[in-house]
Amino acid sequence: MRALVIDDSRLARNELKRLLKEFETIEVIGEAGDAIEAKEMIEEKKPDLIFLDIQMPGKNGFELLEDLEEVPEVIFTTAYDEYAIKAFDYNALDYLQKPIQKDRLLGAINKVAEKKEKVSARSEDRMTENHQVFVKDGEKCWFVQLSEVRLFEVDGNYTKLYFEDNKPMIPRTLNYLETRLDPQTFFRANRQQIINLKWVERIEPWFSGSIKIYMKGGHDVDVSRRQTQRFKELMSF
């Protein structure tokens, strides 16, 4: 797993890198001392995992995660214990308090490996456009083929499905749905939306090198700059 170490203390970064040298499954590909530098490195290097300090000058670790379009797996490292509950609100895999003990580090890395294995197993069982799913919203129920769902969109703690004239909400996150849906048909356009590529009507250049996708059915979807590049790679020969 390719990892970044993010901490405003050089001594803390060096100590963690020293500990990580003993783990053959981890490759440290860089380090950063603040959120601005870290964001640039994450977007450029696309690590599988980040070891993230919370209290840093400027933006803290939580604010860094909120700025990211795609969040790697996160293990928080901090000298304080009062952030533990909040850390898991950000889907952190573990919370290591400094000074970091080798056995706790081993446990955290094992959690990352176990999660990657589960995601890999799920990816082999992706749902294609030919699958039918049962959807229930209040008193209404549908048995809908995924090819008919043109858009998935975040709505609070739920995700809204758009098909025909219906837009029921289901108690699933967009991140979860992304792991279940076939990426050849269902594309993550931005933080808020997954689109069915079969429903794309036309595409236009947009701001700062991004694109806007116009969907059959009347939806306009702004594709983030990062996902614009992925879209071009996916749709090219």
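Key figures for this structure:
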| item | result |
| --- | --- |
| Assigned charges on the beta-carbon of Lys, Arg, Asp, Glu; region 3-130 dipole about Cα centre (debye) | 480 |
| Under-5 Å amide H pairs with I211, H placed in peptide plane, nonlocal only | W206, V223 |
| Within region 1-69, GluC sites (Glu not before Pro) in DSSP loop having at most 10 other beta-carbon neighbours inside 10 Å | E22, E24 |
| Residue-by-residue Karplus 3J(HN,Hα) for region 29-38, coefficients 6.51, -1.76, 1.60, Hz, glycine and proline x | 9, x, 8, 9, x, 7, 5, 5, 4, 5 |
| Residues with amide H under 5 Å from that of T77, placed H, sequence gap 5 or more | L52, D53, I54, L96 |
| Computed magnitude of the charge dipole of region 168-221 (debye, nearest 20; Cβ of K, R +1, Cβ of D, E -1) | 100 |
| Residues of region 63-213: accessible area per residue with a 1.4 Å probe, Å² | 58 |
| Backbone HN-Hα couplings from phi across region 10-17 [Karplus 6.51/-1.76/1.60, Hz, Gly and Pro as x] | 4, 4, 5, 5, 5, 5, 5, 4 |
| Charge sum, other residues only, whose C-beta stays under 14 Å from Q55's C-beta, Lys/Arg counted +1 and Asp/Glu -1 | -4 |
| Antiparallel bridges, percent of DSSP beta bridges restricted to region 102-237 (to nearest 5) | 95 |
| Environment charge of K111, counting only residues whose C-beta is closer than 14 Å and scoring Lys/Arg +1, Asp/Glu -1 | -2 |
| Of F207, L181, N60, farthest towards positive along the dipole that unit charges on Lys, Arg, Asp, Glu beta carbons give the chain | L181 |
| Cα-centred dipole magnitude for the chain, charges only on beta-carbon of K, R (+1) and D, E (-1), debye, nearest 20 | 380 |
| Helix-derived mean residue ellipticity, 222 nm - over the chain, DSSP H n ≥ 4, -39500 (n - 2.57), to 500 | -9500 deg cm²/dmol |
| Cα centroid of region 1-53 to Cα centroid of region 206-225, whole Å | 33 |
| Chymotrypsin sites (Phe, Trp or Tyr not before Pro) within region 42-120, DSSP loop, no more than 12 other Cβ atoms inside 10 Å | Y80 |
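The values are calculated or read from the model by the stated rules, or taken from the named source; none is laboratory data. Worth saying up front: this structure is predicted, and the values here are computed from it rather than measured. Virtual Cβ from ideal backbone geometry, glycine too; neighbours counted across all protein chains shown. To get the accessible areas, we keep the full protein, side chains included, count just its heavy atoms, and leave off ligands, DNA and RNA. Shrake-Rupley method; radii C 1.70, N 1.55, O 1.52, S 1.80 Å.
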